[in-house]
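Contents: one structure, followed by commentary.
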């Protein structure tokens, strides 16, 4: 257990005596009932099997922040990092601020934020490896970095930027509520270190002594509807109607008197000038996701055309399946799909632990996407292999693989859409994500199949069929983009800032994408109606494929680099994405104290994977497989 010092000051001890029964969300504060099997279980802190004597051990606890008292000294950050032995670029608690007014009526509002140990933790539901657990003890949401394989999905879904992805270790870690201190009656380290008496901690909804408010809103704090966070605020000092962020995010917060809270609005910090920024667009951290999603959708689209070629109007595609182009086309598609999966896996912080992505099929859309795409890959591999043989039995098995591959592939893309429709990322949380992915499925699938077959066939019926399919996909995607732009321009959320960055910082690239989509649409219409000669058609189709591919790459890259999460405000240097980019470009990141780390992907560790397999008992592997199958 945590050792309590003999000279521990009184303010470092928990103060709760009584508590309410329900919190503001209508949930029970008492997390278990007397006699529950979850009670009287040790947390095994530092391998100690002792059980804390805190009388409120099974009640939901939370942080209390008094914004009136915070002086921005960052003592809470330092105490937290020292307690958890964090490197300079990782901080479980951070102090950001917003500003309002002008001299002499200037105001800064400091906000200290860590994990809020929510009633409905989306990080727990989203994590594909089940690295998160919400404990009955104190209501703490704890994360095990040893289980994490570094996908970073929890950092996407959390509205408060609580989980921290370490680019050096390739794993996520976060605030653990200092449960070792709670077990012996002490407050978390950050609270004990606060100089201004701005931070408090205790059973949720209990208002500390000499405090008057326990609100769940403060300028810059995202809506509580997403996760029902366990943090309460006091802010009695009046603020200006508009509070701006000092980090690079083009957002400000305007007080809505009817709603009684501050809402995000656009702050045009970068003006209206448009830029290219090709390097940032095409070589971002998420480039692996661009390659994976586009290659998967292209191959699945072409594969579905083969599977459903028996339908009326697809006779020309059905003729390919019995011709000499069928097996080579499938083989090239298989290589493309393999490359996409390889890039995604190597994008993980710990790629040798990829198998843990199936652990949370019950809750995580990412786990379901991984399962669906993996099943599609397996069935597609079997389909390609069996297509080399013409025996009736092998063809029967090939048909089974085709049906299973089509089902699993469509499920994989469905959950691919669902995993990006995140409330904490309003730019993605729109039906345009579905039209973008569905449109790419048709346009890239049709264009890819045409590239592999049109130049090598004498069929005049194949060309208009594939051109029409590509046309439909492009039309779906363009319609989605039009409505998405209209909605994001009007929204009072981080989505409007994403739209602003897309049309300014990447404005010329965005316009290029729109021109390429329009040109591809017109060319597909021309090909489908004109029926050019085969030689001309071959050149036209290569041009169409390049137009569709370039538009898709730019569009999907914009999808990733322009999204802005509903995260907390940072400082001018700390937790500021623009400063981090500047530090990496200029070499400031080489100074550890700057707190910016280079991304470091480690090589695939086959030895660790083999050791894991050798040291895992067969019975445990069978049990884990059974649990995954039955969603336990």
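The values are calculated or read from the model by the stated rules, or taken from the named source; none is laboratory data. From a predicted model like this one, the values you see are computed outputs, not experimental measurements. Quick reminder, even Gly has a Cβ in these numbers, built from the backbone with ideal geometry, and neighbours come from all protein chains shown.
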**Request:** Looking for whichever is under 30 Å from residue 464 (Cα atoms) and touching a helix residue (DSSP H, G or I) at 6+ places or on another chain (Cβ under 7 Å) here; the options are 282, 266, 300. Which one fits?
**Result:** 300
**Request:** List the number of the failed condition for residue 320; all other conditions in (1) surrounded by fewer than 18 Cβ atoms within 10 Å (Cβ to Cβ); (2) closer than 30 Å to residue 290 by Cβ hold.
**Result:** (1)
**Prompt:** Restricting attention to region 336-354, which residues are part of a loop (DSSP other than H, G, I, E, B) and either out of contact with any strand residue (DSSP E or B) (no Cβ under 7 Å at 6 or more places or on another chain) or over 16 Å from residue 149 (Cβ atoms) (or both)?
**Reply:** 348
**Asked** Taking residue 99 and the conditions (1) crowded, with 17+ Cβ neighbours inside 10 Å; (2) over 27 Å from residue 225 (Cβ atoms), which numbered condition does it fall short on, given that it satisfies the others?
**Response** (2)
**Set 522, 516: member being surrounded by fewer than 22 Cβ atoms within 10 Å (Cβ to Cβ) and either more than 29 Å from the chain's Cα centre (by Cα) or at positive phi (or both)** = 522
**Asked** Is one or more of the residues making up region 286-295 closer than 30 Å to residue 253 by Cβ and either not in a helix (DSSP H, G or I) or not assigned by TED's automatic domain parsing to the domain that holds residue 454 (or both)?
**Response** yes
**Prompt:** When you look at residue 405, is it at pLDDT 95 or above, more than 27 Å from residue 517 (Cβ to Cβ) and buried (at least 22 other Cβ atoms within 10 Å of the Cβ), yes or no?
**Reply:** yes
**Request:** Check off (1) closer than 15 Å to residue 111 by Cα; (2) not assigned by TED's automatic domain parsing to the domain that holds residue 117; (3) not in a loop (DSSP other than H, G, I, E, B) for residue 247 and give me the number that stays unchecked.
**Result:** (3)
**Request:** Considering each of 73, 115 in turn, give the residue that is assigned to a loop (DSSP other than H, G, I, E, B), farther than 22 Å from residue 229 by Cβ and touching a residue at least 12 places away in the same chain (Cβ under 8 Å).
**Result:** 73
**Prompt:** Would you call residue 241 at pLDDT 90 or above and surrounded by fewer than 15 Cβ atoms within 10 Å (Cβ to Cβ)?
**Reply:** yes
**Request:** Kindly indicate which of 524, 557 is under 27 Å from residue 460 (Cα atoms) and assigned by TED's automatic domain parsing to the domain that holds residue 295.
**Result:** 524
**Request:** Inspect region 257-264 for any residue being in a helix (DSSP H, G or I) and surrounded by 14 or more Cβ atoms within 10 Å (Cβ to Cβ) and give the result as yes or no.
**Result:** no
**Message:** When you scan region 419-430, do you find a residue that is within 33 Å of the chain's Cα centre (by Cα), crowded, with 20+ Cβ neighbours inside 10 Å and not in a loop (DSSP other than H, G, I, E, B), even just one?
**Reply:** yes
**Asked** Quick check, is residue 221 crowded, with 22+ Cβ neighbours inside 10 Å and at pLDDT below 95?
**Response** yes
**Asked** Which one of 36, 28, 44 is in the same structural domain as residue 177 (by TED's automatic domain parsing) and modelled with pLDDT under 85?
**Response** 36
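Residue-by-condition table, conditions (1) buried (at least 16 other Cβ atoms within 10 Å of the Cβ); (2) in contact with a strand residue (DSSP E or B) (Cβ under 7 Å, 6 or more places away or on another chain); (3) touching a residue at least 60 places away in the same chain (Cβ under 8 Å):
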| residue | (1), (2), (3) |
| --- | --- |
| 13 | no, yes, yes |
| 23 | yes, no, yes |
| 28 | no, yes, no |
| 31 | yes, yes, yes |
| 43 | yes, no, yes |
| 46 | no, no, yes |
| 54 | yes, no, yes |
| 61 | yes, yes, yes |
| 64 | yes, yes, yes |
